[in-house]
1. Does at least one position in the stretch 55-62 carry a residue that is modelled with pLDDT of 95 or more and in a helix (DSSP H, G or I)?
2. Please verify whether T12 is among the polar types (S, T, N, Q) and either under 11 Å from the mean Cα position of the chain (by Cα) or in a helix (DSSP H, G or I) (or both), treating the condition exactly as stated.
3. Could you go through the stretch 1-9 and let me know if any residue there is at pLDDT below 95, more than 23 Å from M103 (Cα to Cα) and either of a type outside the set (F, W, Y) or out of contact with any Leu (no Cβ under 7 Å at 6 or more places or on another chain) (or both).
4. Could you count how many residues in the stretch 85-117 are surrounded by 13 or more Cβ atoms within 10 Å (Cβ to Cβ) and either touching an Asp or Glu at 6+ places or on another chain (Cβ under 9 Å) or of a type in the set (G, A, S) (or both)?
5. Go through the stretch 5-25 and report how many residues are over 11 Å from Q40 (Cβ atoms) and surrounded by fewer than 23 Cβ atoms within 10 Å (Cβ to Cβ).
6. Identify, from the list A82, A73, the residue that is surrounded by fewer than 16 Cβ atoms within 10 Å (Cβ to Cβ), without any contact (Cβ under 8 Å) to a residue 24 or more places away in the chain and not β-branched (V, I, T).
7. Kindly indicate whether any position in the stretch 25-47 is over 26 Å from A111 (Cβ atoms) and modelled with pLDDT of 95 or more.
8. Might you check whether a residue that is modelled with pLDDT of 95 or more, in contact with a Leu (Cβ under 7 Å, 6 or more places away or on another chain) and within 15 Å of V99 (Cβ to Cβ) occurs anywhere in the stretch 10-24?
Amino acid sequence: MARFVVAASKGTDDPTMATLPFIAAKAAKEQGHEVILWLQGEAVVLARRGVVDAVHGVGLPPLKEIAEAVRGAGVALWVCSACAIARQIGENDLVPGAVIKGMPDYVNAVAESDKSISF
């Protein structure tokens, strides 16, 4: 089993690219890997309750379905603290299981991971 960090930077501004990191995280978890899904930039809005309900990428399943599967599978969902502050997102705004983490946490996770995938 490997450890993956999947980094996402697109949110509601690009529904297709917002969905792909969730699909990658889901696939890695289904293959038995440990996975952290890191949301940064516009992707942090996807951790806000209710936002994924309206995101549907071209030719992809609705993000709501994939995000529920990711959370249900126990994928760690980390939200960039600086990016969240810039978008006025606090801990109380987040979906269950999502946590706000700093850049040092992300850098450490990448340093300790076997693979890192960025979208």
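The values are calculated or read from the model by the stated rules, or taken from the named source; none is laboratory data. What you see is a predicted model; the values in this text were computed from it and never measured. As a convention, Cβ positions derive from the backbone with ideal geometry for all residues, glycine included, and neighbour counts pool all protein chains shown.
1. no
2. Taking the combined requirement at face value, the residue does not satisfy it.
3. Among the residues of the stretch 1-9, at least one is at pLDDT below 95, more than 23 Å from M103 (Cα to Cα) and either of a type outside the set (F, W, Y) or out of contact with any Leu (no Cβ under 7 Å at 6 or more places or on another chain) (or both), which makes the answer yes.
4. Residues that pass the stated criteria total 8.
5. Total satisfying the criteria: 9.
6. Only one candidate passes the filter, namely A82.
7. yes
8. no
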